1. Restricted to the range 68-124, and to residues that are over 28 Å from LEU15 (Cα atoms), among the charged types (D, E, K, R) and without any contact (Cβ under 8 Å) to a residue 24 or more places away in the chain, which residue is surrounded by the most Cβ atoms within 10 Å (Cβ to Cβ)?
2. For the range 11-39, what are the residues that are of a type in the set (S, T, N, Q) and either over 22 Å from THR112 (Cα atoms) or surrounded by fewer than 15 Cβ atoms within 10 Å (Cβ to Cβ) (or both)?
3. Being of a type outside the set (Asp, Glu), at pLDDT below 90 and either touching a Lys or Arg at 6+ places or on another chain (Cβ under 9 Å) or in a loop (DSSP other than H, G, I, E, B) (or both) is the requirement here; does LEU50 meet it?
4. Looking only at residues that are loosely packed, with under 14 Cβ neighbours inside 10 Å and among the acidic types (Asp, Glu) in the range 134-156, which one is nearest to the chain's Cα centre (by Cα)?
Amino acid sequence: MRRAIARVALALALLVLTYALAIGSFAPADLALGTVIGVAGLLTFRRLLLEDAAPPPPGGLAPRIVAFVPFAATVLRDIVAGTWEVTLVVLGRRPLARPGVVAVPIEQRTPTGIAVSALASTLSPGEFLLDVDQRRGVMLFHVIDARDPEAVRARHREIYRRYQRRVFP
């Protein structure tokens, strides 16, 4: 029972943090609204977010919380890099060479891991999830620069294996 409560509390805290980062505000009213939205999201998607999630790794929840810091830093780095890339294209400093769709393998991601990968990628300008093709085992992302699809896949693979898997498998 305590593990379930801790899981719900962590999920809610991460949803509120994601909301606050997305709107760029930690004002009390914004955090309260984020909490309301987070609770509604947990109630609506509780089966996807909580029941299908992989059990916490050995050692409990603490290693996941610690691993969240480098994962969040990596997502923030991607947001800054994506913002810079899109800014250069919009200002005409860099040509819009070859936008396109790249298929990224799902690998060992759980349904929650797929949702987190999609959210983390979509927070960065220049990339967003179009579809998840379970039959083919891929996530389809539209990227602003698809000249090297293997580099896009390698970046997603690296982020998942090195950072995300420890927090959201």
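The values are calculated or read from the model by the stated rules, or taken from the named source; none is laboratory data. Because the structure is a prediction, the values reported are computed rather than measured. Please note: Cβ atoms are built from the backbone with ideal geometry, for glycine as well, and neighbour counts cover all protein chains shown.
1. ARG94
2. Of everything in the range 11-39, just one residue is of a type in the set (S, T, N, Q) and either over 22 Å from THR112 (Cα atoms) or surrounded by fewer than 15 Cβ atoms within 10 Å (Cβ to Cβ) (or both), namely SER25.
3. So LEU50 fits the description; yes.
4. If we filter the range 134-156 for residues that are loosely packed, with under 14 Cβ neighbours inside 10 Å, which is where we start, we get 134-137, 147-148, 150-151, 154.
Applying the additional criterion that residues be among the acidic types (Asp, Glu) yields 148, 150.
On the way: ASP148: 22, GLU150: 20 Å.
Step by step, filter the range 134-156, then rank; the result is GLU150.
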